[in-house]
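The values are calculated or read from the model by the stated rules, or taken from the named source; none is laboratory data. Just so we're clear, the structure is a prediction, and the values are computed from it rather than from any experiment. Reconstructed Cβ throughout: ideal geometry from the backbone, glycine too, with neighbour counts over all protein chains shown. These accessible areas exclude ligands, DNA and RNA; they are computed on the full protein's heavy atoms, side chains included. Shrake-Rupley method; radii C 1.70, N 1.55, O 1.52, S 1.80 Å.
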Amino acid sequence: MSSGGSERVAGAERAVRSATARAHPNLALVKYWGKRDEVLVLPHQSSLSLTLAPLSVTAAVELGVGAGEDEVTINGVRAIGQERERVLRMVGRVQAGRPELAGAHVVTAGDFPAAAGLASSAAAFAALAVAARAAAGEKADARAASILARLGSGSASRSVQGGFCAWHRGDRVDGKDSYAEQLFPPSHWPEVRMVVAVVAKEEKEVKSRDGMRHTVATSPYYGAWVEDAEQEVTRAVNAVRRRDLEELGMIAERNAWRMHATALAADPPLCYLKPKTLEVIQAIARLRAQGVPAWFTLDAGPNPVVLTDEKSEPTVTALCRGLGADPVVPCSPGGDAELVGELPA
Ligand code: PMV
C-alpha cells in the first residue's frame, strides 16, 4: 500500500511517502553464475527459475524522511557497511533527481530464518524494488521493477513475478534489456514441488558475488559454461511448457553440476559442497532409480533443493529428514511480488 504523510522541515513542506511489498524467493533451474558488468549487475548468461511459496520477505520503504536520515533494518538488526550501502544504492535510483524524496527508511523482514539455507536476498530486493517504486509514485511495471531489483542482487530480478521466470541476459551496455519476465504462471504447473534440504546452516564462506567474480577471472571452464547457457534455457523452457518433469529435472541437475564444476576449476578452487550434500544427492539418485521423480539442484552453497511433484514430495521430504537435513522445507510455485498493508507483526 502506498501512502503519504507530511511534516514541516526547515520551513518547507515535505511529504513522507511510504509503501510496503512482499515477494517470494526463487530457485534457478538454469543458473546465473558470472557478471559481465559488476556495477549494473549484467549477467554473462540468461537463467530460468521458479518462484517459491510459501516463503516470503516483506519490505517497507519510506522516502523523503530527510537527507542524512537513511536507516536500513534487516530482520530486526540495523544494517551497516556494504549491506546498508547496497540497499541505499538501489533505493537511490528512484530518488535520483527528486530532492523531495531525499532520505530513506527501509525495513525488511523475512518469514523464514536465514538459516533456512535459501538466500533471502532475492525476495528482499524484489520486495524492496516494488515498494520503493510505489513509494516514489511510479506506476506498477514488472519489467522496471525487475531491472531495479537486479541492481540489488541479480537473482532478485526473477522474484518480481511468480511462476517460472526467465532473466534475459540482454546485450545493451546500459542493462535496459536485462530483466526477468514470467513465462508461465503458477497455475501452469501447480503440482511442481521444490524441497529445500538444509544440511549446513552456517553462512557460506564465499558469497555468490565473490565466488562468481573469482570463477569468471580464473576458471578455464568458464567459457564452456557460458557457451551452452542460452540453449539450455530454451531446452528448460520447452520442458516446462510440456510439463515434462523428467526432462526439466535432468537439465536442472546437469546445470547445477556444470556451475559447480566451473567453480571447482577456479584457482584456487571453490567448493560449496559438504559431505552431507553429496549424501543427499546420491540418495536422491537412488530414489529415482526406484521410480520416484526427484532431481536435485544446488545454488552457491551446500543445501540441495529437490525438484519433484506433489505426490512424491512426502517421500522426498522424509528421505531428506532421515538423512539429518533440518529444516526440510517443501515449496510450491509462488505468485507475484505485491503491495501489502504493512510489515508482519
Ligand atoms: O543474485 P545473487 O548474487 O545472489 O547470485 C545468485 C547465484 C545463484 O543463486 C548461484 C544462481 C542463480 O541463478 O540464482
Exercise. Around residue 42, which amide H atoms from residues at least 5 apart in sequence, or from another chain, sit under 5 Å from its own amide H, with H modelled in the peptide plane?
Worked result: 36, 37
Problem set entry | Residues of the chain: accessible area per residue with a 1.4 Å probe, Å² | 43 Å²
Seminar exercise, completed: Restricting to aspartates and glutamates and to Cα separations under 17 Å from residue 31, and discarding same-chain partners fewer than 8 apart, the set is 181, 210, 227, 228, 230, 232, 247, 253, 299
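Over the chain, what is the mean sequence separation of C-alpha contacts under 8 Å (at least six apart), divided by residue count, expressed as relative contact order in percent?
Values: 797 pairs, mean separation 81.3, N = 345.
Relative CO of the chain lands at 24 percent.
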Exercise. Can you give the helix-only mean residue ellipticity at 222 nm for the chain, where every DSSP H stretch with n ≥ 4 adds -39500 (n - 2.57) and the sum goes over all residues, rounded to the nearest 500 deg cm²/dmol?
Worked result: -10500 deg cm²/dmol
Exercise. Taking only Cα atoms, what is the 0 to 90° angle, nearest 10, from helix 142-152's long axis to the longest principal axis of the chain?
Worked result: 90 degrees
Problem set entry | 5 angstrom amide H check on residue 30, placed H, neighbours 5+ away | 48
Problem set entry | Angle in degrees between helix 313-322 and the longest Cα principal axis of the chain, rounded to the nearest 10 | 80 degrees
For this session: For region 191-345, with all protein chains present and a 1.4 Å probe, just round the carbon and sulfur fraction of the accessible area to a whole percent.
Result: 52 percent
Problem set entry | Placed amide H near residue 183: partners under 5 Å, 5+ positions off or other chain | 164, 165, 166
Exercise. Can you work out ³J(HN,Hα) from phi for every residue in region 282-296, in order, using Karplus 6.51 cos²θ - 1.76 cosθ + 1.60 and θ = phi - 60°, giving whole Hz and x for Gly and Pro?
Worked result: 5, 5, 5, 5, 5, 4, 5, 5, 8, x, 8, x, 7, 9, 9
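What order, most packed first, do the peptides 332-342, 22-32 have when packing is the mean number of other Cβ atoms within 10 Å of each residue? Write down the numbers at each step before the final one.
On the way: 332-342: 18.2, 22-32: 27.3.
Answer by packing, highest mean first, reads 22-32, 332-342.
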For this session: Using a/c under 1.5 as the rounded threshold, could you call region 78-174 rounded, prolate or oblate? The axes a ≥ b ≥ c are square roots of the C-alpha gyration tensor eigenvalues, and prolate needs a/b larger than b/c, oblate otherwise.
Result: oblate
Exercise. With axes computed from alpha carbons, what is the tilt in degrees of helix 229-241 against the longest principal axis of the chain, rounded to the nearest 10 within 0 to 90?
Worked result: 80 degrees
Exercise. Can you pull out the trypsin sites (Lys or Arg not before Pro) in region 256-325 that DSSP calls coil and that have at most 16 other Cβ atoms within 10 Å?
Worked result: 311
